[in-house]
Amino acid sequence: MAEQSHIHALIESVPKDLFLAGRWTAASDGGTLSVHNPATGFELTQVASATTDDAQSALRAALSAQKQWADTPPRTRSEILYRTFELIHEHSEELALLQTLELGRALPDSRAEVAYGAEFFRWFAEEAVRIRGDYRTNPSGTGRILVRQEPVGPVLAITPWNFPLAMGTRKIGPALAAGCTVIAKPASKTPLTMLYLAKLLQEAGLPEGVLSVLPSAHASRISSLLDAPGLRKLTFTGSTLVGQKLAMKAAKHSIRTSLEMGGNAPYIVLEGADLDLAAREIAVAKMRGAGQVCIAANRFLVHESIAEEFADKVAEEMAKFTLGPGWYEGVTFGPLSGADQVETVRTLVDDAVARGGRLVWAGPIPDLGNEFDSGYWYPGAVLMSAPESSLIHKQEIFGPVVSVTKISSIDEAIYRANETPFGLAAYVFGPLPDALMVAEQIEAGMVAVNRGVLSDPAAPFGGVKESGVGREGGFEGIHEYLEPKFIALPM
């Protein structure tokens, strides 16, 4: 368990100013925003809150630095990214504890995110030196086709609160590798991790002007850049409603857009599945970050012959988790991100039960002492057979709740899985031929078969339908930040 003196020293070590074009500076109006610890409900610290003028200054710096950064040798860009990857690992414990303090997440999950987030810098450090064009004779034999990949230009990267490191590295890494300058806006709930990352990038030798990190209590002050001349790319992770509004704004100026938005992931358990495996994998597919993950399983569609047994096994697995302050020894899941999130989850569960769903298991809230009375605690629940009219079938839970619905066939599993406007992630458990066939027919950008771990920096991450546009990670990720230029040559 981290001592209070260690926690205080860590918070003091994090820059509280804006990282504006490579320099630490207060907001132009002196404004700040408060960062709270979800385990206590109390303020951790305050950081500078960027204004519209600050955002405009960041864009001017990005535009000024764009050509020089684009002309920087790919090997140099690669080495800066790789050095940052090394620095993240050197400071992994500080980054993990910092996430736990501002997000509430248990330390094991925070450590896993640090390792995961760092890998995007290693992956794109390698991709920076492998950007390729094309050269060929045209089909008529009358000329030559030269295709050159060029950086798209200044990027606005807006990240969510639930993965404060990895959502930054997943966007900043490929943008810098491609030769783009970046203005990053971290979520106002969790800005400390991104500011710490900016400090590491500065230490790794990133030139001034190439990156700005602008926390703000008023998101519109930063998104106002979508109306400013010179911005060429928007990459956003967050809710569907906000993402669609930003995309509409970006479309007015033909700004390229990548969106990772809401999900409603099905978790299908077919007849013949390994029930012990399917129940155990909920630890990562559902309970990571107390369920506050965009790809978290949301709708558990289980064959009627095994649904009751599955629910009982899930309840046994859920009971193994220990709720408490994320930095305490032995704690495996922490509080939710805020009182609003607790109320949302509680409402979904109460509504499901009121409509006829059965509560199979509900976790206890431990006596944590007066210091944590104002924390945002929800202990978890397992539901069975909530009616289709229940709210829990229609929206992301974003909490530690498993709601099991009985299905009678593979065709029904596929139909129910696709009966949603969202299509980010899905999970299928069952005999491999059946599971693979189902995976191929599910309308989602990513499907895990007989496993709960889905994300991989070396694989494309993204959704279909209202869950998003574009991909992050993998070989595809860097192309979101590149424009192919065709140069016509004579024979």
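The values are calculated or read from the model by the stated rules, or taken from the named source; none is laboratory data. None of these values were measured; they are calculated from a predicted model. As a convention, Cβ positions derive from the backbone with ideal geometry for all residues, glycine included, and neighbour counts pool all protein chains shown. All accessible areas refer to the heavy atoms of the entire protein, side chains included, with ligands and DNA or RNA removed. Shrake-Rupley method; radii C 1.70, N 1.55, O 1.52, S 1.80 Å.
Criterion applied to G324, G338, G262, G357 was being touching an Asp or Glu at 6+ places or on another chain (Cβ under 9 Å), open to solvent by less than 50 Å² (accessible area, probe 1.4 Å) and either among the polar types (S, T, N, Q) or within 30 Å of T100 (Cβ to Cβ) (or both), and the one residue passing it is G262. I255 meets the conditions (1) surrounded by 18 or more Cβ atoms within 10 Å (Cβ to Cβ); (2) hydrophobic (A, V, I, L, M, F, W, C); (3) touching a residue at least 60 places away in the same chain (Cβ under 8 Å) in every case but one. The failed one is (3). Within the range 135-153, restricting attention to residues that are without any contact (Cβ under 8 Å) to a residue 60 or more places away in the chain and open to solvent by 50 Å² or more (accessible area, probe 1.4 Å), the residue that is nearest to the chain's Cα centre (by Cα) is Y135. Counted as qualifying within the range 234-301 are the helices (runs of 4 or more DSSP H) with 2 or more residues that are under 22 Å from the mean Cα position of the chain (by Cα) and either within 26 Å of G477 (Cβ to Cβ) or not small (G, A, S) (or both), namely 240-251, 282-285. Of the strands (runs of 3 or more DSSP E) that lie entirely inside the range 1-91, those containing 3 or more residues that are open to solvent by 20 Å² or more (accessible area, probe 1.4 Å) and either of a type in the set (S, T, Y) or touching a strand residue (DSSP E or B) at 6+ places or on another chain (Cβ under 6 Å) (or both) span 32-36, 43-48. Can you tell me how many residues in the range 154-210 are charged (D, E, K, R), surrounded by fewer than 23 Cβ atoms within 10 Å (Cβ to Cβ) and part of a helix (DSSP H, G or I)? Qualifying residue count, the range 154-210: 2.
The residues on offer are A296, A247, and the sole one that is within 22 Å of A362 (Cβ to Cβ), open to solvent by less than 40 Å² (accessible area, probe 1.4 Å) and touching a strand residue (DSSP E or B) at 6+ places or on another chain (Cβ under 9 Å) is A296. A single entry from A311, A352, A315 fulfils the requirement of being part of a helix (DSSP H, G or I), in contact with a Ser or Thr (Cβ under 8 Å, 6 or more places away or on another chain), hydrophobic (A, V, I, L, M, F, W, C) and open to solvent by less than 60 Å² (accessible area, probe 1.4 Å): A352.
In the range 95-114, the residues that are at positive phi and in contact (Cβ under 8 Å) with a residue 12 or more places away in the chain form Cβ pairs under 9 Å with partners that are surrounded by 24 or more Cβ atoms within 10 Å (Cβ to Cβ) and part of a helix (DSSP H, G or I), at six or more places apart or across chains, as follows: G104/G289; G104/A290. Considering only residues that are open to solvent by less than 60 Å² (accessible area, probe 1.4 Å) and either in a helix (DSSP H, G or I) or among the β-branched types (V, I, T) (or both), look in the range 220-233 and name the one that is farthest from A175 (Cα to Cα). Checking each candidate, the answer is S224.
Can we say V345 is in a loop (DSSP other than H, G, I, E, B), closer than 17 Å to R105 by Cα and aliphatic (A, V, I, L, M)? When the stated conditions are applied, V345 does not pass them. Residue selection: V284 fails the criterion of being surrounded by 22 or more Cβ atoms within 10 Å (Cβ to Cβ), hydrophobic (A, V, I, L, M, F, W, C) and in contact with a Gly (Cβ under 9 Å, 6 or more places away or on another chain). Considering K485, K465, the condition of being over 19 Å from the mean Cα position of the chain (by Cα) and either of a type in the set (D, E, K, R) or modelled with pLDDT under 95 (or both) is satisfied by K485 alone.
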